[in-house]
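Asker: Please see the structure below; I have some questions.
Just so it is clear, none of the values below were taken in a lab; they were calculated from the coordinates. Because the structure is predicted, anything quoted here is derived from the model rather than measured. Positions of Cβ are generated from backbone atoms using ideal geometry, with glycine treated the same way; all protein chains shown enter the neighbour counts.
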Amino acid sequence: MGSESAFSTLNLDADIMRAIDDMGFEEPSPIQSKSIPPLLEGRDLIGQAQTGTGKTAAFAIPILQRIERYSGTPQALVLTPTRELAIQVSEEISRLGRYKSTRVLPIYGGQPIARQIRTLKRGVDVVVGTPGRILDHIRRRTLRFDQLRMLVLDEADEMLDMGFIDDIRTILQETPSERQTLLFSATMPQPIVRLAGQYMHDPVRIAIRPEQVSAPDIEQVYYEVRPHERFEALCRIIDSEAVGRAIIFCRTKRGVDELTEQLRVRGYPADSIHGDLDQRQRDRVMSSFRSGDTELLVATDVAARGVDVEQVTHVINWDIPTDPESYVHRIGRTGRAGRTGTAMTLIHPKENRLLKAMERAVKARIKRRPIPTLADVAERQRGIVRERLLQALQDDRLKSYRGLIEELAEEYDSIDVGAAALVLLLDSAGNAGGPSPKDEEFEDTGAEDGMVRFFINVGRRQNVGPAQIVRSIAEDTGISGALVGKIDILDNFSFVEVPRHTAAEVWRAMRNSRIGGDTVSFEPAKPARKNGSF
């Protein structure tokens, strides 16, 4: 097998080689090929590498090779910054150690500690956990490290950022001084350097440069937008791109919450993840994102650490990060497992200096793109309809309708017959009802070029706001909320503009619809009404 020939020079146990083959590893990654040999010799090691480089296997394989079977007490400890990363690391060690019957226990907050204590009493070989919960067990004397042989600090810089440095020092002091210590970190801030100097013995140093982490299959682009244009630009970007599943990064928790709410108002399947979520909420969000029910995950940098979802098609930087390392980490969430990906960044014109720093970090030019126009969004939607039609052409049920179409084609132009069928399809998709409006009904409504202005007989006194109008149009018609244009809210009525090519569909769908609990009248506006609104 390919994996056997590639890993065979490492002289690994047959049980580990068998597991490697099962997992489909073809050859060691750079961090694995550089780290595993010195670790098997018992050397301490400092590895500078990003998430996604294969570093978990780089320390998991030596752990499995060096620990004894069935000792009953932990021989290896892996510290991680987050619960999710602890689970992922423990699962990978378990997969690699399946034929050695290695007992691995993830320990983290949010899980009943009594259950963890019972498992520890039964005996485990490897413990993977977050510093806070590990320290809790140490204080309870339910976790002892008398037989500990290896200790791994994974994502050390993130643990530093999350305030775990003192906890880590306390844990290190509870472990045997002759242990083998491994430290992996994307960056090397001074507190981490000092920690390594104090607790490690002549470590081997390995660095995987950021440009090796930034996969060539990640297309990197940026959009220059002013603050008041930012959200509208984001919506147009999402609707004009083939965004399957995306992570949108914000600098702050408040920014995450605000952007998530704005996206939901526009009808996007979005959810948020940041440090204020408890474990149950985090599990729900990640489960929904992995299943595809949530397409847009809005996150802070720290909360996204350990988020490893292979099918992420896009990463979008709502806020440009303030340091290049964070940028490299963010864009590494896409283009994984041999897939292509796109990284997009929204910047203010004054942030070009930061953009240049990101380019230096990845040693690549980040290309500028213009903000998509409404016409671009409409073209994308037409493309989606075309894809649906192509799928329908492969449907076996098509044969039963061929006779009807042939009859109509004898009397009408075949292209007109196809267009009529498409109108019926779109009407059905949008739950449209009522007669088809004539084009002249949309003339002279007082809207901007390419738009149609509608009158709605509810306003401020009915507690109606722009968000309710956008949500109602998006839900009732199926068109993107990003297509909705200017909205004017007055005391007793409102106006809203939509692109002309959607006007007929919107009018049919919105007749007798409800906004804010009230059934509304929704009609093309007249110039006199427009004048009266200013």
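Asker: What is the chain's relative contact order, in percent, from Cα pairs under 8 angstrom and six or more apart in sequence?
Answerer: Relative contact order, the chain: 12 percent.
Asker: For the range 51-152, which chymotrypsin sites (Phe, Trp or Tyr not before Pro) are in a loop by DSSP, counting at most 14 other Cβ atoms within 10 Å?
Answerer: Loop-located and lightly packed - TYR70.
Asker: Between THR252 and GLU523, how many nm apart are label points set 7 Å from Cα along the C-beta direction?
Answerer: For the pair THR252/GLU523, the computed spacing is 4.6 nm.
Asker: In the range 64-193, if the dipole is taken from +1 on Lys/Arg beta carbons and -1 on Asp/Glu beta carbons about the Cα centre, which of VAL104, THR170, THR119 is farthest to the positive end?
Answerer: Positive-end residue among those listed: THR119.
Asker: Another question about this same structure. Can you list residues from other chains, or at least 5 along the same chain, whose modelled amide H is less than 5 Å from the amide H of TYR222?
Answerer: When sequence neighbours closer than 5 places are left aside, the close amide H contacts are THR345, LYS367, ARG368, ARG369.
Asker: Okay, next question. Quick one: dipole size for the range 104-191, taken about the Cα centre, charges +1 on Lys/Arg Cβ and -1 on Asp/Glu Cβ, in debye to the nearest 20.
Answerer: 740 debye
Asker: Just list whichever of LYS55/LYS253; LYS253/LYS350; LYS34/LYS363; LYS253/LYS486 have alpha carbons separated by over 25 Å in the model shown.
Answerer: Pairs exceeding 25 Å: LYS55/LYS253; LYS253/LYS486.
Asker: Now a separate question. If you put +1 on each Lys and Arg Cβ and -1 on each Asp and Glu Cβ, how big is the dipole of the chain around its Cα centre, in Debye rounded to 20?
Answerer: Rounded to the nearest 20 debye, it is 2060 debye.
Asker: Report, for the chain, the % of DSSP beta bridges that are antiparallel, rounded to 5.
Answerer: Antiparallel: roughly 20 percent of the beta bridges in the chain.
Asker: If you don't mind, there's one more thing I want to ask. Go through 280-286, 327-333 and give me the packing order, highest mean Cβ count within 10 Å leading.
Answerer: Sorting 280-286, 327-333 by mean packing, highest first, produces 327-333, 280-286.
Asker: List the residues whose amide H sits under 5 Å from the amide H of VAL452, counting only those 5 or more places along or on another chain, with H placed 1.01 Å from N in the peptide plane.
Answerer: So VAL452 has HN proximity to VAL498, ARG500.
Asker: Quick check: from the Cα gyration tensor, does the range 96-214 come out rounded (a/c under 1.5), prolate or oblate?
Answerer: prolate
Asker: Something else: Once you place label points 7 Å from the Cα toward the Cβ at GLU91 and SER414, how far apart are they in nm?
Answerer: Result for the modelled spin labels: 5.2 nm.
Asker: Pop the C-beta distance of ASN457 and GLU261 into the FRET formula with R0 = 30 Å and round what comes out to the nearest 0.05.
Answerer: The computed FRET efficiency comes out at 0.65.
Asker: Please give the FRET efficiency for ARG118 paired with GLU475, using the beta carbon to beta carbon distance and R0 = 60 Å, rounded to the nearest 0.05.
Answerer: So the FRET efficiency works out to roughly 0.80.
Asker: How high is the relative contact order of the range 15-150, in percent, counting Cα pairs under 8 Å that sit 6 or more residues apart?
Answerer: For the range 15-150, the relative contact order is 29 percent.
Asker: For a paramagnetic label modelled at 7 Å from the Cα of GLU68 toward its Cβ, which residues of the range 98-116 fall within the zone defined by backbone nitrogen distances under 19 Å?
Answerer: Residues passing the 19 Å test: 100-104.
Asker: Let me ask something else about it. Would you mind calculating the relative contact order of the range 154-293 from Cα pairs under 8 angstrom and at least 6 residues apart, reporting the percent as a whole number?
Answerer: 15 percent
Asker: According to the square roots a ≥ b ≥ c of the eigenvalues of the Cα gyration tensor, what is the shape class of the range 221-357, taking rounded for a/c under 1.5, prolate for a/b larger than b/c otherwise, and oblate for the remainder?
Answerer: rounded
Asker: Going by average Cβ density within 10 Å per residue, which order do the peptides 402-409, 134-141 take, highest to lowest?
Answerer: Per-residue mean Cβ counts within 10 Å order the peptides as 134-141, 402-409.
Asker: Let me ask another. Label-point separation (nm) for ALA357 and LEU389, each offset 7 Å from Cα along Cα-to-Cβ?
Answerer: Here the answer is 5.0 nm between the modelled labels.
Asker: List the trypsin sites (Lys or Arg not before Pro) within the range 23-113 that DSSP assigns to loop and that have no more than 13 neighbouring Cβ atoms inside 10 Å.
Answerer: ARG69
Asker: Moving to a separate point now. Within 10 Å of each candidate Cβ there may be at most 11 other Cβ atoms; applying that plus a DSSP loop requirement, which GluC sites (Glu not before Pro) in the range 165-259 survive?
Answerer: Hits after loop and neighbour filter: GLU178.
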